[in-house]
Ligand code: ATP
């Protein structure tokens, strides 16, 4: 049985609207998510025993049952009654606790890798359903591409990809807990987004319309707790990005830029005054 490697890309939210808090304490959301070309790689190798062993080049993530890839492997084995152990190597490039769904993407890639390794006959929908038991962002990561996510984020409606552009990601050296931000959110005070308009703009490939409609209900909550995130957003607007938004619950802020000369100019400005943060220039692969 050979090893299997699967790419696990990061996601950004072009729109994140929280509608109300549900009885089960989750928020009902409407999110437009898309993948970017910044990725981890998950390699699974069969073992001669029944253990799940996690290894990584990144020393800040848990290497035990707290790792989402571990949990995905355990769930997969249980569901399909597989006894054999696996080693899961996580080659990490996506910053951790950044609002880029790194852990969720690792879990989704692990499910796909195990399906291939053990030649299990199951659909993407079944993998997404398994993933949803572990985390709301995992079903989106199973399908990838671009989607409207509803429910608590686990109901996925695929949509066309937005027009190609550059995405500059800036992550300050802090980690933000998604749970903390949702707990602090007052769903009644949220200014709702034009999700329908955004979907139309994506359908029509209207780049400017998409830029005008970016929005994230969680921004103000994260900004209040971590002012550096708002500072980064303001700088990117000042440097002339086409549109700027915080991704997920933060702290990563992304800027959309269409023209390459503009990208170079903005990167130069970032190197001048935001160099203490992690900076990535990637493409939308949605
Ligand atoms: P999301 O956008 O889905 O909220 P995130 O990008 O904000 O996710 P992650 O990188 O997934 O955050 O990390 C959140 C926490 O999950 C971290 O504190 C980390 O310790 C834990 N974690 C568990 N497994 C992983 C993994 N495979 N990769 C990264 N973090 C993981």
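Only the coordinates and a few stated rules stand behind these numbers; no lab work does. The structure presented is a predicted model; accordingly, all values stated were derived computationally and were not measured. Counting neighbours? That spans all protein chains shown, and the Cβs are built from the backbone with ideal geometry, glycine included.
Odds and ends about this structure:
- On the basis of the beta-carbon distance and an R0 of 22 Å, residue 51 and residue 80 show a calculated FRET efficiency of 0.80.
- Value of D in µm² per second that Stokes-Einstein yields for region 70-119, Kirkwood Rh from Cα pairs, at 20 °C (1.002 mPa s): 183
- Percent antiparallel among DSSP beta bridges (both partners in the chain, rounded to 5): 85
- With a Förster radius of 30 Å applied to the C-beta separation of residue 259 and residue 93, the computed FRET efficiency comes to 0.70.
- Here the scattering of region 106-222 is modelled by Debye summation over its C-alpha atoms, one equal scatterer each and no solvent; at q = 0.12, 0.17, 0.21 Å⁻¹ the log10 of I(q)/I(0) is -0.60, -1.11, -1.31.
- Each semi-axis of the equivalent ellipsoid for region 160-251 is √(5λ) with λ an eigenvalue of the Cα gyration tensor; in descending order they amount to 24, 18, 11 Å.
- Note on 235, 91, 259, 11: ascending count of other Cβ atoms within 10 Å places them as 259, 91, 235, 11, the fewest first.
- Computed on the Cα atoms alone, the convex hull of region 5-57 gives a volume of 138 cubic angstrom per residue.
- Spacing of the modelled spin labels on residue 220 and residue 121, each 7 Å from Cα toward Cβ, amounts to 5.4 nm.
- Counting only DSSP beta bridges whose two residues both lie in region 27-175, roughly 75 percent are antiparallel.
- Solvent-free Debye calculation, one equal scatterer per alpha-carbon of region 39-176: log10 I(q)/I(0) at 0.10, 0.19, 0.20 Å⁻¹ equals -0.34, -1.15, -1.24.
- Cα centroid separation, region 86-157 to region 179-200 (Å): 23
- The long axis of helix 195-204 is offset from the longest Cα principal axis of the chain by roughly 90 degrees.
- Per-residue Cβ neighbour rank within 10 angstrom, fewest leading, 249, 161: 161, 249
- Shape annotation for region 1-113: C-alpha extents along the principal axes are 48, 32, 23 Å, from largest to smallest.
- Nearest 10 degrees, 0 to 90: helix 68-79 Cα axis against the chain principal axis: 40
- For peptides 271-278, 218-225, 199-206, sequence by mean Cβ density within 10 Å, most packed first: 218-225, 199-206, 271-278
- Axis of helix 227-238 versus longest Cα principal axis of the chain: the two differ by about 60°, to the nearest ten degrees.
- Contact order normalised by residue count of the chain, Cα under 8 Å, 6+ apart, percent: 23
- Solution diffusion estimate, µm²/s, Stokes-Einstein, the chain, Kirkwood Rh from C-alpha pairs, 37 °C, viscosity 0.692 mPa s: 170
- Relative contact order %, region 1-120, counting alpha carbon pairs below 8 Å whose residues are six or more apart: 33
- Expressed in units of 2.2 N^0.38 Å, where N is the residue count, the Cα radius of gyration of region 199-252 is 1.24.
- Region 70-184: relative contact order as a whole-number percent, Cα under 8 Å and 6+ apart: 23
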